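Step one of this worksheet: look at the structure below.
The values are calculated or read from the model by the stated rules, or taken from the named source; none is laboratory data. Treat the numbers as computed from the prediction; the structure is a model and nothing was measured. Cβ: placed from backbone, ideal geometry, glycine included. Neighbour counts: every protein chain shown. Each accessible area value is taken on the protein alone, full model and side chains, heavy atoms only, with ligands, DNA and RNA left out. Shrake-Rupley method; radii C 1.70, N 1.55, O 1.52, S 1.80 Å.
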Amino acid sequence: MQRNRELTGYSETEIQGRPIDQMIKLFSEQEEILPKTYCRGSFNKPVKVVGKEGKQTKVNLMTTQAEGTVQTNLSCILILHDLSKEEELEQMKLDFVSMASHELKTPLTNIIGYLSVFIEENRPKLTKEQAELLDRSLVSARQLQALVENLLSVNKIEREQMAVSVEQVDLNAVLDKAVEDLQNQAKLKNIILNYTKDATLPKVMADPLRLAEVINNLVANAISYTGAGGRVSVYSNSAPNEIVTTVEDTGVGIPAEAIPHLFNKFFRVSNTLQKGSKGTGLGLYISKSIIQKLNGRIWVESEPGKGSKFHFSLPIVQEATLNSNRFVSEAIQTGALNY
Ligand SMILES: Nc1ncnc2c1ncn2[C@@H]1O[C@H](COP(=O)(O)OP(=O)(O)OP(=O)(O)O)[C@@H](O)[C@H]1O
Ligand SMILES: [Mg+2]
């Protein structure tokens, strides 16, 4: 009963004989769940309990209908497992990862900076072997930097602190730039990377920097998991309320059993690992979190040995938003509104 007091704030005597929904409220992702939901059949998931005087605790809620009471609707059994210790540990883990990543960031930026300048200024004087060793050091330092950036992004996602600033975005311009940035990487692997521009595309609501991060992740993956001589194509199509962008490759493809796990943190397909590719399994997890924050969807179609198509959708700017912006800018021009 002590545990009960810790969880809900109520003592045993306060609770006895009173209907549960008058004592505590349960919330799943901000939405209240009622006894008619959690007492029908079995329920097993993390929820927030709001008890006496608004006391809040994270618990795992398991319910089952008490035997013989289905017809009479008499009672159901609730098991609340306190998750606050786990939450505390999770918080400590997040704090540690965040602190360690931030501490690594500055020295790494310095290493990359000094190394780049040194290589650039001394290349003519270096032997072939020395130049190769320094180039490899730079590649490794950049990989480490990408990992640190990914860990910081994951940390922000898990703390629900990933900020997105949504504005009207010209998708063509963002795609063009992101594809251009990866042309070199594609050329090094002898992969044809092309982007089909559609000048008629309406603008989308998105955060241009975060959107570029997603496209970069998807195109970098398409290049990594496609062999020499392959092709990567990027294109967009308009649907009634959204634009769907596709990154298509002719690469190794993804086995059907891996697809449900693909957007999970640290997930990598084992056959790709066997081919010696480097990666941390965070790119798709981060991309999915960003697209969801932008009110879009992300999904994949793939056939092992033939290639993959990664699609994501983004909401288009509605006519009402365009009209209201037009009204404001016309009003400013005519002097009706002073800014
Ligand atoms: N275009 C693709 N073709 C085949 N497999 C892919 C493709 N894109 C992703 N995958 C598989 O999905 C896994 C997860 O991709 P994700 O981008 O999240 O991580 P990663 O590329 O391994 O590492 P990083 O965090 O550096 O991006 C990859 O390891 C790979 O097995
Ligand atoms: Mg990746």
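For region 136-181, the list of GluC sites (Glu not before Pro) that fall in a loop by DSSP and count at most 10 other C-beta atoms within 10 angstrom reads E160. Given bins 10 angstrom wide, list per bin the percent of all Cα-Cα distances in region 113-196, short to long. Answer for region 113-196: a P(r) of 13, 24, 35, 21, 6, 0 percent. Computing Rg and the Kirkwood Rh from the Cα coordinates of the chain gives a ratio, Rg/Rh, of 1.08. Fully extending the segment from E53 to K177, taken as 0.36 nm per residue of separation minus the present Cα-Cα distance, adds 39.3 nm. Listed cross-link partners K156/K197; K189/K309; K48/K278; K45/K309; K45/K278; K177/K265 are compared with a 29 Å cut-off, the Cα-Cα value being larger for K156/K197; K48/K278; K45/K309; K45/K278.
When the chain is treated as a GNM with alpha-carbon contacts under 10 Å, the residue of V139, V247, V204 showing the greatest mean-square fluctuation is V139. Converting phi to 3J(HN,Hα) with the Karplus coefficients 6.51, -1.76 and 1.60 and the offset θ = phi - 60°, region 189-206 yields 9, 6, 10, 8, 10, 10, 10, 9, 7, 10, 5, 8, 4, x, 6, 10, 8, 7 Hz in sequence order, with x at every glycine or proline. Its alpha carbons give region 167-321 an Rg and a Dmax of 15.1, 51 Å. Protein heavy-atom accessible surface, 1.4 Å probe, per residue over region 87-158: 70 Å².
Only helices enter this figure: runs of n ≥ 4 DSSP H residues, each worth -39500 (n - 2.57), summed and divided by the residues of the chain, yield -15000 deg cm²/dmol at 222 nm to the nearest 500. By the Stokes-Einstein formula, at 1.002 mPa s and 20 °C, region 1-50 with its Kirkwood radius over alpha-carbon pairs has D equal to 180 µm²/s. As a fraction of the 1.4 Å probe accessible area of region 92-140, surface on carbon and sulfur atoms comes out at 64 percent. Using the Kirkwood radius over Cα pairs, work out the Stokes-Einstein diffusion coefficient for region 87-158 at 25 °C and 0.890 mPa s, in µm²/s as a whole number. It diffuses with D of about 177 µm²/s by this estimate. Counted residue by residue at 0.36 nm each, then reduced by the alpha carbon distance between them, the extension gain from E132 to R5 reaches 39.1 nm. Taking Cα atoms only, the orientation of helix 319-333 departs from the longest principal axis of the chain by about 70 degrees.
Only beta bridges with both residues in the chain are counted; by DSSP, about 90 percent of them are antiparallel. If R0 equals 41 Å, the separation of the Cβ atoms of K309 and Q91 corresponds to a calculated FRET efficiency of about 0.60. Computed from label points 7 Å out along Cα-Cβ, the spacing between Q292 and R18 is 3.6 nm. For K52, the lysines whose Cα falls under 19 Å of its own Cα, not counting residues fewer than eight places away in the same chain, are K25.
Reducing region 91-118 and region 32-53 to their Cα centroids gives an inter-centroid distance of 42 Å.
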